[in-house]
Amino acid sequence: YFVCPFVVSQSSDLRPPCSRLLLPIVDAPVLAADADSPMVEVIVTARKKQENILDVPLAITAIDAKELEQAQISSLGDVASHTPGLNFFSPIGEFLPTPVIRGIAPTDMAGENNAGIYIDGVYVSGRAGLNANQLDLERVEVNKGPQAAMYGRNAFSGAINLVTAKPTKEFGLKAELQAGNDGIVVAKGSVTGPIVGDVLMGRLGVAYNDWDGSYNNSYSRSDVGGYKFRTVQGSLLWEPTDSLSILGSAYYSDDKIDPNATSTVMANCEN
């Protein structure tokens, strides 16, 4: 194979400085539509009811539980890296977490964001809990464009809805354990199943996520980039009849995040 980046001069003289590269030849299979293969149906709740994503007249990026696990998504920064049109940054560590959809940033950095964060449709008002530890999620929905009619004034540029996994009528158990350098320890687990027959179901998830950080902070005792999350999440689903379903959930997380990199700098000749 020859890779030739063409350089166009003012006289329109094409001069391709070519460099020869040895590349393997791979037979790429041609993907043809198979009538027998079932279509994967993606259900979202962007309009606060369950709908097929193809039937919703909105620009939506939906990330299901399987994709969340495969991509190791555990924060809004990870969600942004997998969502076109979404950026996330924290100018002062986790003190001012700011999601930006389609380039619409807040005019008041310390005020309210233009993109709303919701957990099961409930608005997260506190900035300190905006980038919560994402535990036992069913999917993440990023609705792009104005969503004020459905979610309120804080969704001017869009809405990000974190949908937690619901209790099931079948018993289920999941556990995860990771360990690595710089003191990385991740332990997660969840259990779900019936409590009272098919009427009352429950779900419980716990997580411990600890990291010492990558660099030593020369000014304080905390390392740069370190954090510790201790999270508990539980939910109860009551279905006394076929037409009535009541879901209650609780979420608690003790988050400790190290500050930004700081050091002393001699600015002038004064003391």
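The values are calculated or read from the model by the stated rules, or taken from the named source; none is laboratory data. Computed from a predicted structure; not experimentally measured. Neighbour counts are summed over all protein chains in view; Cβ atoms, including those assigned to glycine, are modelled from backbone coordinates with ideal geometry. Heavy atoms of the whole protein, side chains included, go into the accessibility calculation; ligands, DNA and RNA do not. Shrake-Rupley method; radii C 1.70, N 1.55, O 1.52, S 1.80 Å.
Summing charges over all other residues whose Cβ lies under 15 Å from the Cβ of Val206, with Lys and Arg as +1 and Asp and Glu as -1, gives 0. Calculate the FRET efficiency for Lys66 and Asn268 from the Cβ-Cβ distance with a Förster distance of 51 Å, rounded to the nearest 0.05. Once rounded, the FRET efficiency stands at 0.35. Other residues lying with their Cβ under 10 Å from the Cβ of Ser245 contribute a combined charge of -1, Lys and Arg counting +1, Asp and Glu -1. Above 21 Å, the calculated P(r) of segment 130-215 contains 53 percent of its Cα-Cα pairs.
Ordering Phe156, Phe229, Phe171, Phe89 by how much accessible area each has at a 1.4 Å probe, largest first, what is the list?
Listed by decreasing accessible area, they come as Phe171, Phe156, Phe89, Phe229.
Could you compute the FRET efficiency for Ile184 and Ala110, with r as their C-beta to C-beta distance and R0 at 22 Å, rounded to 0.05? The formula returns an efficiency of 0.10 here.
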